[in-house]
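Report on the following structure.
The values are calculated or read from the model by the stated rules, or taken from the named source; none is laboratory data. Because the structure is predicted, anything quoted here is derived from the model rather than measured. Please note: Cβ atoms are built from the backbone with ideal geometry, for glycine as well, and neighbour counts cover all protein chains shown.
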Amino acid sequence: MPQFEETHDSSRQYPTGSAASSGHPPELICSEAIYSGKSPLARSSLPGTGIVVEVGAARPPKFPLGRLVITPAAAQVIPADEALSAVARHAAGDWGNVSQPDWLTNDDALRHGDRLFSVYRTSANETFWIITEADRQVTTILLPSDY
């Protein structure tokens, strides 16, 4: 099972625009993504939950996730099974609760290797984001307030 670590990475770019504007990196808790053959398979868990999800087992991923990370605030608010289910949706190209123009932007970003941005809600109606960087090295789960 992957170990989680805190890290600070000022080289990462986070969403910009009306929903998020600071561009500051959140504090992160990290796990590793693994690759099985040609198809990326992320095996991830969240601390203290015992929940492990293998992205790609049910829905083939459309892109590599890189390291899967979650901010401490998001880990406090988002149930682990809901976070990891959303990661599986994100990896399969289901961008969640984004607008139609943002959905099309993500589809284009998927084809051209740009940053991918999804929006989901927990069962308690808490909004959270999932971002995969353009270089596909890191996928981050965060709250809008982590910005």
Conditions first: (1) of a type in the set (Val, Ile, Thr); (2) in contact (Cβ under 8 Å) with a residue 40 or more places away in the chain; (3) farther than 14 Å from Leu65 by Cα. Val98 passes all but one, so which condition is the exception? (2)
Thr49, sole failed condition from (1) modelled with pLDDT under 95; (2) out of contact with any helix residue (DSSP H, G or I) (no Cβ under 8 Å at 6 or more places or on another chain): (2)
Out of all the residues in segment 89-106, which are loosely packed, with under 14 Cβ neighbours inside 10 Å and part of a helix (DSSP H, G or I)? Gln100, Pro101, Leu104
So which residues in segment 107-123 are surrounded by 14 or more Cβ atoms within 10 Å (Cβ to Cβ) and among the small types (Gly, Ala, Ser), if there are any at all? Ala109, Ser118
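State the number of residues belonging to segment 107-147 that are in a strand (DSSP E or B), under 11 Å from the mean Cα position of the chain (by Cα) and not polar (S, T, N, Q). Can you show your working first?
Going through segment 107-147, the residues in a strand (DSSP E or B) turn out to be 116-121, 127-132, 138-142.
Narrowing further to those that are under 11 Å from the mean Cα position of the chain (by Cα): 116-120, 128-132, 138-142.
With the extra rule that they be not polar (S, T, N, Q), the set shrinks to 116-117, 119-120, 128-131, 138, 141-142.
Total satisfying the criteria: 11.
Considering only residues that are hydrophobic (A, V, I, L, M, F, W, C) and in a loop (DSSP other than H, G, I, E, B), which ones fall in segment 64-88? If you could, list the steps in order and put the result at the bottom.
Taking segment 64-88 as the starting set, the residues that turn out to be hydrophobic (A, V, I, L, M, F, W, C) are 65, 68-70, 73-75, 77-78, 80, 83-84, 86-88.
Listed by number, the residues that qualify are Leu65, Ile78.
Scan segment 108-146 for residues that are in contact with a strand residue (DSSP E or B) (Cβ under 9 Å, 6 or more places away or on another chain) and of a type in the set (Ser, Thr, Tyr) and jot them down. So that I can check it myself, show each step before the final result.
Going through segment 108-146, the residues in contact with a strand residue (DSSP E or B) (Cβ under 9 Å, 6 or more places away or on another chain) turn out to be 109-110, 115-122, 127-134, 136-144, 146.
Result: Ser118, Tyr120, Thr122, Thr127, Thr132, Thr139, Thr140.
Please state which one of Thr132, Thr122, Thr105, Thr127 is hydroxyl-bearing (Ser, Thr, Tyr), at pLDDT 95 or above and more than 20 Å from Ala83 (Cβ to Cβ). Step through it out loud before you land on a result.
Details: Thr132 fails: more than 20 Å from Ala83 (Cβ to Cβ); Thr122 fails: more than 20 Å from Ala83 (Cβ to Cβ); Thr127 fails: more than 20 Å from Ala83 (Cβ to Cβ).
Matching residue, one of Thr132, Thr122, Thr105, Thr127: Thr105.
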Selection over segment 105-147 where residues are touching a residue at least 60 places away in the same chain (Cβ under 8 Å), touching a helix residue (DSSP H, G or I) at 6+ places or on another chain (Cβ under 8 Å) and farther than 20 Å from Gly66 by Cα yields a count of 2
